[in-house]
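**Q** Have a look at the structure that comes next, please.
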Amino acid sequence: DGTSQVTTCEEARRSAHHSLAASYATSRGDASVAVDRAAALAPDEPAVLLARARLALTGPSPDTALALLDRIPSSAVESLEAAVLRAELLSTMGLRETARSTIDAAAARAPGTSRWAALRARMAEEVGDRDAAIARFTEALAIRFDDASSRNALIGDASTRGDVDGALGGIEQLLALGDAHTRFFLRAAELYAALDRAGEEMGAFRPASAL
């Protein structure tokens, strides 16, 4: 009836409030109190389950997060973030191939997204599949050209392989992204030094010191 619908809506609103409070809590204790209150109001709400899983990951028994993540339906918006948490936990448990499969499956539900391409690249790196990692970082850049993290990864790979032209080209593209980002110039200076290009190294440090 109307009264029960109003009550349900009010409980959902209060649960969302406590979930939000948990995300902004300044200490684990504060977060735990907020999450517990949210769980008391809506124990099966995906956002609440996700908040409880995040809290469990930082606690003494992080593996308990898996049971909470299992309860988040795949149709929920939170399911993709749940996949990231699951992969992180599996990776820390040494189950890196399973973690990679988890991210690959989630990424298939969000095609054309640079974040997922980069996550797949990181998972490939963890299991030592360099070719797949490079392909995914390249994919991430094709989707979002200003993805500095993926570009850094490709520059590092080129430098490791001794591909000086590829590394320098990547550095130039990195610098083109950030006339106001000191960290880009400092990163470029580090890479120039690693490639033994002293002149370029000083040139990169000068713009950084001027910011």
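**Q** If we keep just the residues of the stretch 36-55 that are small (Gly, Ala, Ser) and farther than 16 Å from Ala67 by Cβ, which is surrounded by the most Cβ atoms within 10 Å (Cβ to Cβ)? Before you say what the answer is, go through the steps one by one.
**A** Within the stretch 36-55, the subset small (Gly, Ala, Ser) is 38-40, 42, 47, 51, 53.
Okay, now just the ones that are also farther than 16 Å from Ala67 by Cβ, so 38, 40, 42, 47.
Working: Ala38: 25, Ala40: 13, Ala42: 20, Ala47: 22.
Result: Ala38.
**Q** Still on this model: Looking for whichever is out of contact with any Asp or Glu (no Cβ under 8 Å at 6 or more places or on another chain) and under 30 Å from Pro46 (Cα atoms) here; the options are Leu89, Leu186, Leu154, Leu95. Which one fits? Lay out the reasoning, then the answer.
**A** Working: Leu89 fails: out of contact with any Asp or Glu (no Cβ under 8 Å at 6 or more places or on another chain); Leu186 fails: under 30 Å from Pro46 (Cα atoms); Leu154 fails: under 30 Å from Pro46 (Cα atoms).
Exactly one residue qualifies, and that residue is Leu95.
**Q** Further, regarding this structure: Can you tell me which residue is surrounded by the most Cβ atoms within 10 Å (Cβ to Cβ) among those in the stretch 75-102 that are polar (S, T, N, Q) and free of Cβ contacts under 8 Å to residues at least 24 places away in the same chain? Explain how you work it out, then say what you get.
**A** Just the residues of the stretch 75-102 that are polar (S, T, N, Q), to begin with: 75, 79, 91-92, 98, 101-102.
Okay, now just the ones that are also free of Cβ contacts under 8 Å to residues at least 24 places away in the same chain, so 75, 98, 101-102.
Values: Ser75: 7, Thr98: 13, Ser101: 14, Thr102: 23.
Looking at residues that are polar (S, T, N, Q) and free of Cβ contacts under 8 Å to residues at least 24 places away in the same chain, I get Thr102.
**Q** Here's a follow-up. Would you say Phe145 is of a type in the set (Phe, Trp, Tyr), open to solvent by 40 Å² or more (accessible area, probe 1.4 Å) and modelled with pLDDT under 90? First the steps, then the outcome.
**A** Details: of a type in the set (Phe, Trp, Tyr): yes; open to solvent by 40 Å² or more (accessible area, probe 1.4 Å): yes; modelled with pLDDT under 90: yes.
Taking the combined requirement at face value, the residue satisfies it.
**Q** Can you find a residue that is touching a Leu at 6+ places or on another chain (Cβ under 7 Å), outside any helix (DSSP H, G or I) and modelled with pLDDT of 95 or more anywhere in the stretch 76-88?
**A** There is no residue in the stretch 76-88 that is touching a Leu at 6+ places or on another chain (Cβ under 7 Å), outside any helix (DSSP H, G or I) and modelled with pLDDT of 95 or more.
**Q** Still on this structure, please answer the following. Return the total of residues in the stretch 126-172 being over 26 Å from Leu90 (Cβ atoms) and hydroxyl-bearing (Ser, Thr, Tyr).
**A** Within the stretch 126-172, residues that are over 26 Å from Leu90 (Cβ atoms) and hydroxyl-bearing (Ser, Thr, Tyr) number 2.
**Q** For Ser150, state whether it is at pLDDT 85 or above and under 30 Å from Asp196 (Cα atoms).
**A** Numbers: at pLDDT 85 or above: yes; under 30 Å from Asp196 (Cα atoms): yes.
Against the criterion (at pLDDT 85 or above and under 30 Å from Asp196 (Cα atoms)), Ser150 qualifies.
**Q** Starting from residues that are surrounded by 17 or more Cβ atoms within 10 Å (Cβ to Cβ) and modelled with pLDDT under 70, keep the ones in the stretch 160-204 and report whichever is farthest from Asp147 (Cα to Cα). I'd like the intermediate steps shown before the answer.
**A** We begin by selecting, within the stretch 160-204, every residue surrounded by 17 or more Cβ atoms within 10 Å (Cβ to Cβ); these are 167-168, 170-171, 174-175, 178, 184-185, 187-189, 191-192, 195, 197, 200-201, 204.
Keeping just the survivors that are modelled with pLDDT under 70 gives 178, 184, 197, 200-201, 204.
Working: Gly178: 11, Phe184: 12, Arg197: 25, Glu200: 23, Glu201: 23, Ala204: 20 Å.
So, considering only residues that are surrounded by 17 or more Cβ atoms within 10 Å (Cβ to Cβ) and modelled with pLDDT under 70, the one farthest from Asp147 (Cα to Cα) is Arg197.
The values are calculated or read from the model by the stated rules, or taken from the named source; none is laboratory data. From a predicted model like this one, the values you see are computed outputs, not experimental measurements. Positions of Cβ are backbone-derived with ideal geometry, glycine not excepted, and every protein chain shown enters the neighbour counts. What goes into the accessible areas is simple: the full protein's heavy atoms, side chains included, and nothing from ligands, DNA or RNA. Shrake-Rupley method; radii C 1.70, N 1.55, O 1.52, S 1.80 Å.
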